[in-house]
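Reviewing the structure listed below.
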Amino acid sequence: MAPTSQLLFKYKTVVRKAKTSKFNGVRQNPLEYFKELYSKENALAQANIPGACCVSTIGKDGYPNARFLALKDINDKGFIITGPLSTRKGDEINSVPKVSLTFWWPIIEVQIRIQGNADQISPEQASKYFHERPRESQLTSWASRQGQPLDNPASLIKKLEEVKLQFQDKEIPCPKDWGGFCVIPKRIEFLEFSDERLHTRILYTNEADKWTTEYLQP
Ligand SMILES: Cc1cc2nc3c(=O)[nH]c(=O)nc-3n(C[C@H](O)[C@H](O)[C@H](O)COP(=O)(O)O)c2cc1C
C-alpha cells in the first residue's frame, strides 16, 4: 500500500486539476458557472451532498438564523429549496423574503455566497419535488411537525408506524403545508480558495436583469 504522503500527494493533484485556474476570466452567467462548479464537486465528492447549503434568514427578533437545506434545483430564475412552511424558516421568509445561501465545496475548495429574494413556488411544483424524495422521507414529513417540541420520542415513532400503515401500497400525497421557495439571486460571490490565501473572488451583481462582475481583493 502506498504511504499516506503519496496518497495525499495524489489527492492534492486530483484536487488541483479539478480547480479552475486563478484569475482566468469571468463567465457571463453566474448560474451557468455555478452548475459547472457543482458538476466538478459532485463528480469528485465521496459523499453526495454538495447540494447542501446554509440558508440564512432574518429572524423576527433581528438575529440571523441559519440552517442547512438541500438545494433541490436550479432553474433560469434561481435556486430552489423546499420543506414544510409552518416552520421557523417558512415564517421568517414569509415575513422578510431576503435570504442568503452559502455553499462550501471542500474538494474543489470553492465557497459560493448568494443573496436574493425568495418567491414561493406553486403547489404543483412543490408536489413534484415532494414526490422526488425517497418514500421514507415523504412518510416522515407526514409523521413529524418540523420544529414543534417533542415531549416523547416514542410517540413520534408510533406516529410514523401509523402513517406507514395509512399509506401502505398507496402514493403519498404532498402535505398541504409542504412547499418551497425559488431564491432569485441579486448577488453571487464565488471564492476559489488558495493555500497562500490569494483567493480568487468574483462578485456578480444583478441590476435590471443584467449581470455585472468585479474581482474583489481576498
Ligand atoms: C444536510 C442537511 C440537509 C437538510 N435538508 C433539508 C431540507 O431540504 N428541507 C428541510 O426542511 N430541512 C432540511 N434539513 C433540516 C434543516 O437543517 C432544519 O433543521 C429544518 O429545516 C428546520 O429549520 P427551521 O426550524 O429553521 O425551519 C437538512 C439538514 C441537513 C443537515
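Read the figures in this text as sums done on the coordinates, not as results from a lab. Predicted model, so just to flag it, every value in this text is computed and none were measured. FYI the Cβ positions are ideal-geometry reconstructions off the backbone, even for glycines, and counts take in every protein chain you see.
Report the full-extension gain for the segment Thr87 to Gln111: residue separation times 0.36 nm, less the Cα-Cα distance, to one decimal in nm.
Value of the extension gain: 5.9 nm.
Could you tell me which trypsin sites (Lys or Arg not before Pro) in the stretch 40-112 are loop residues by DSSP with no more than 16 other beta carbons within 10 angstrom of their beta carbon?
Sparse-neighbourhood loop trypsin sites (Lys or Arg not before Pro): Lys60, Lys77.
Considering lysine pairs in the stretch 87-218 that are 8 or more places apart or on different chains, how many have Cα atoms under 26 Å apart?
19
Among His131, His199, rank each residue by its count of other Cβ atoms within 10 Å, from fewest to most, as a rough exposure measure.
Taking fewest neighbouring Cβ atoms as first place, the list is His131, His199.
Translational D (Stokes-Einstein, µm²/s) of the stretch 62-175 at 25 °C and 0.890 mPa s when Rh comes from the Kirkwood sum over C-alpha pairs?
This corresponds to a translational diffusion coefficient of 150 µm²/s.
So which chymotrypsin sites (Phe, Trp or Tyr not before Pro) in the stretch 121-171 are both in a DSSP loop and have at most 16 other Cβ atoms within 10 Å of their Cβ?
Answer by residue number: Phe167.
Return the inverse of the average 1/r over all pairs of distinct C-alpha atoms in the chain, which is the Kirkwood hydrodynamic radius, in Å to one decimal.
19.6
How far is helix 30-44 tilted, in degrees, relative to the longest principal axis of the Cα atoms in the chain, given as a value from 0 to 90 rounded to the nearest 10?
The angle comes out near 90 degrees.
How do Cys54, Cys174 rank when sorted from fewest to most other Cβ atoms within 10 Å of their own Cβ?
Cys54, Cys174
Could you list the GluC sites (Glu not before Pro) in the stretch 159-218 that lie in coil according to DSSP, counting only those with at most 13 other Cβ atoms within 10 Å of their Cβ?
Glu171, Glu196
Of Ile81, Gln28, Thr57, which is farthest towards the positive pole of the chain's charge dipole, taken about the Cα centre with +1 and -1 on the beta-carbons of Lys, Arg and Asp, Glu respectively?
Working it through, the farthest residue towards the positive pole turns out to be Gln28.
Once the Cβ-Cβ distance between Asp209 and Ala52 is put in as r, and R0 is 22 Å, what FRET efficiency do you end up with, to the nearest 0.05?
E(calc), rounded to 0.05, equals 0.15.
Does the stretch 170-218 come out rounded, prolate or oblate, given a ≥ b ≥ c as the square roots of the eigenvalues of its C-alpha gyration tensor, rounded meaning a/c under 1.5 and, failing that, prolate meaning a/b above b/c?
Oblate, since a/c reaches 1.5 and b/c is not below a/b.
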